[in-house]
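The structure under discussion appears below in the form of structure tokens.
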């Protein structure tokens, strides 16, 4: 079987199911695990190569207003890879290749590959996506083993918090900074399962822009900066930039952390459980081992 993954989360699912030998094509953004780096890159972005959130937002708006895709498929290269399966998503056209573009491409390939679409907006939805990918790959046993491990890890966090009757801190998960967006989809659920209370986010819903005054009045005790698609290094740099601005001064005397968004919060794959564990370590440091320095850094 020959698989082309058009979503970093799908690439991670394939890898964690032990099927990297079948992975022949990936996106320009796929970076985990390291072994996938040798695969053919079959997408590119129309967005400038920058970590300036305002510039990225402006570019996205311009592309959308002109009806242009944010990501381009290298159709010639994909055809040459002779894929049996194309993995894509139907969750966010800003974050990855559009599902409609992938399905249109599939009709132009002979023989036509199967298209598997990921669309989970919750932890259970992500688990269902893992099952769907596993079904397409014919690795049912590996799916059950992976999901059992994920369930056990989440249950361990829950049982530890329940046994300690741990108080729940008020938390904000900042998914973008200019304009400010708070995480939706699985983000609020991650906070809840890690033992916190999301002050404004709605589980399962799309993330929405929030006025800074509204966020301040929500009174979070802990603010997590995890801009979508940012590594820990870039998330920390953006958080420090915000902390230096007058409009963010209300964060003084509150706990502020930067997270590896790519690894913990942005991608709807198995590593969202890593995100739950990392958050639990941040919210309840006396109950869990210290958070890994590769996952998060405290800024104040």
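Residues that are in contact with a helix residue (DSSP H, G or I) (Cβ under 6 Å, 6 or more places away or on another chain), assigned to a loop (DSSP other than H, G, I, E, B) and at pLDDT 95 or above within segment 201-227 comprise 226, 227, listed in sequence order. Picking from residues in segment 89-127 that are part of a loop (DSSP other than H, G, I, E, B), over 13 Å from the mean Cα position of the chain (by Cα) and touching a residue at least 12 places away in the same chain (Cβ under 8 Å), the one that is surrounded by the fewest Cβ atoms within 10 Å (Cβ to Cβ) is 108. For residue 79, the stated conditions do not hold, so it cannot be described as farther than 11 Å from residue 4 by Cβ, modelled with pLDDT of 95 or more and in a helix (DSSP H, G or I). Each residue in segment 242-296 was checked for being part of a strand (DSSP E or B), crowded, with 19+ Cβ neighbours inside 10 Å and in contact (Cβ under 8 Å) with a residue 40 or more places away in the chain, and 4 pass.
For segment 139-148, the count of residues that are outside the structural domain of residue 87 (by TED's automatic domain parsing), surrounded by 12 or more Cβ atoms within 10 Å (Cβ to Cβ), touching a residue at least 24 places away in the same chain (Cβ under 8 Å) and in a loop (DSSP other than H, G, I, E, B) is nonzero. If the condition is being surrounded by 14 or more Cβ atoms within 10 Å (Cβ to Cβ), part of a loop (DSSP other than H, G, I, E, B) and modelled with pLDDT of 95 or more, then segment 30-63 contributes 30, 31, 32, 39, 42. The condition of being out of contact with any helix residue (DSSP H, G or I) (no Cβ under 8 Å at 6 or more places or on another chain) and not in a helix (DSSP H, G or I) holds for residue 72.
The values are calculated or read from the model by the stated rules, or taken from the named source; none is laboratory data. The model shown is predicted, which means the values in this text are computed figures rather than measured ones. Note that each Cβ is placed from the backbone with ideal geometry, even for glycine, and that neighbours are counted across all protein chains shown.
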